[in-house]
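Reading through the structure tokens given below for one structure.
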Amino acid sequence: MKRRNFLITAALAVLLAGAFGQGRVAVLAATSGVIYAPGVKQPASAGETSGPVQIPEISEAPGTAYTIAGQETQSTVTAAPAAATETAFAASGEIVTKNGYKNGDLIGLNASWQYAGFSKINSGTAVMYTAFANRKNRIIAVNAGHGTRGGESVRTYCHPDQTPKVTGGSTAAGSITATAVSTGMSFKDGTPERAVTLRMAQILKEKLLQAGYDVLMIRDGEDVQLDNIARTVISNNTADCHIALHWDGDGLSYDKGVYYMSVPDRLKQMEPVASHWQMHEALGNALIGGLFAKGIKVWGSNPLDTDLTQTSYSTIPSVDIELGNQCSDHSDGRLDLEAEGLLAGINSYFGFN
């Protein structure tokens, strides 16, 4: 566990964002109300793995729906559309995201996506919400932590190379498998963490939509049958970044402040971590900077190196942000302030200051 300075400048956050760019995914087709890429088998088999999946690149045709133009691998990093304010429309006149989704689309795990075969709980769906004004053509995956019934009784590999976990947490260091989705802690007043993370996600979603971001809600209700790997893989193939919302069950008798979970040095040679950990930490620093600017207390030991399933499988900028602990105020007023801080951090990361 190392102590780092959380005050990274907004300029550095923007520089890193520009240097690494954002991922592309395919235009998708609807099957039984759930969105999957065309021509794939369902469901994924446990433990299945393969190389990068070939998917179509999406090219922008201003004022029309997006079209297929060539091929690129899933892991390719490409620049976002040059004109962030241009809007694409489906034949029906509905706004569509830069990768072909409409407002309200349900997005399930595609068995052909890289790392999908490691998921054990994946019958649920995420929900896409599109901004209607000031469009930025960026999709933010908002992941309300916990909230998967039965997740505690299922185990998934900590890492795609099936090596042991290097730090403790809800799963002990040295374990090869981790809890698929933990139950989470309870606040001092008895409120379960999963209820607060969902409320936080709902407030953040509205602020992001008003600011012009499209939002992928990983969990849009009390329960979603998606384990941590499924949540991550869906985000990898659908969004520009992945933000998981949590509070820390640390057992302290006071609110220690916010922090994010950074990548341990021992994982920085393992793919996909090796190719993405700098993106994760740039996003984490930007989020902490935004929260700090709103007057929110930052934990003195921020960030905390933690071996997470989320970042072990992430191929886009991805962060677990801990917005306090069991002693924290979790009223709507407090959550609204924290959402403002997160929005400021997201704006900084993507250069929309």
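crowded, with 22+ Cβ neighbours inside 10 Å, under 19 Å from the mean Cα position of the chain (by Cα), over 24 Å from residue 217 (Cβ atoms) and modelled with pLDDT of 95 or more: does that describe residue 303?
Yes, satisfied.
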Number of positions in segment 318-340 that are touching a residue at least 60 places away in the same chain (Cβ under 8 Å) and closer than 23 Å to residue 134 by Cα: 4
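Report, by residue number, each residue of segment 134-179 that is among the charged types (D, E, K, R) and within 24 Å of residue 274 (Cβ to Cβ).
Filtering segment 134-179 for residues among the charged types (D, E, K, R) gives 135-136, 138, 149, 152, 155, 161, 165.
Within segment 134-179, 161, 165 meet the criteria.
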If you go through segment 283-335 one residue at a time, how many are within 26 Å of residue 157 (Cα to Cα) and out of contact with any Lys or Arg (no Cβ under 8 Å at 6 or more places or on another chain)? 18
Residue 250 fails exactly one of (1) surrounded by fewer than 21 Cβ atoms within 10 Å (Cβ to Cβ); (2) acidic (Asp, Glu); (3) closer than 21 Å to residue 177 by Cα, namely (3)
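For (1) assigned to a strand (DSSP E or B); (2) in contact with a Ser or Thr (Cβ under 6 Å, 6 or more places away or on another chain); (3) under 15 Å from residue 349 (Cβ atoms), each residue gets a yes or a no:
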position: 260; (1), (2), (3): yes, no, yes
position: 269; (1), (2), (3): no, no, no
position: 287; (1), (2), (3): no, no, yes
position: 302; (1), (2), (3): no, no, no
position: 324; (1), (2), (3): yes, no, no
position: 329; (1), (2), (3): no, no, no
Pick from segment 123-157, criterion over 30 Å from residue 93 (Cβ atoms), β-branched (Val, Ile, Thr) and assigned to a loop (DSSP other than H, G, I, E, B), ranking: farthest from the chain's Cα centre (by Cα): 154
So the check is Cβ under 6 Å with 6+ separation or different chains; which pairs have a first residue in segment 202-218 that's closer than 11 Å to residue 136 by Cβ and a second one that's polar (S, T, N, Q) and surrounded by fewer than 23 Cβ atoms within 10 Å (Cβ to Cβ)? 212/134; 214/130
Just give me the residues in segment 206-226 being surrounded by fewer than 19 Cβ atoms within 10 Å (Cβ to Cβ) and among the basic types (Lys, Arg), in sequence order. 207
Which is surrounded by fewer than 24 Cβ atoms within 10 Å (Cβ to Cβ) and touching a helix residue (DSSP H, G or I) at 6+ places or on another chain (Cβ under 6 Å), of 203, 229? 203
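The values are calculated or read from the model by the stated rules, or taken from the named source; none is laboratory data. As the structure is a prediction and not an experimental result, all values here were calculated from the model. Backbone-built Cβ (ideal geometry, glycine too); neighbour counts: all protein chains shown.
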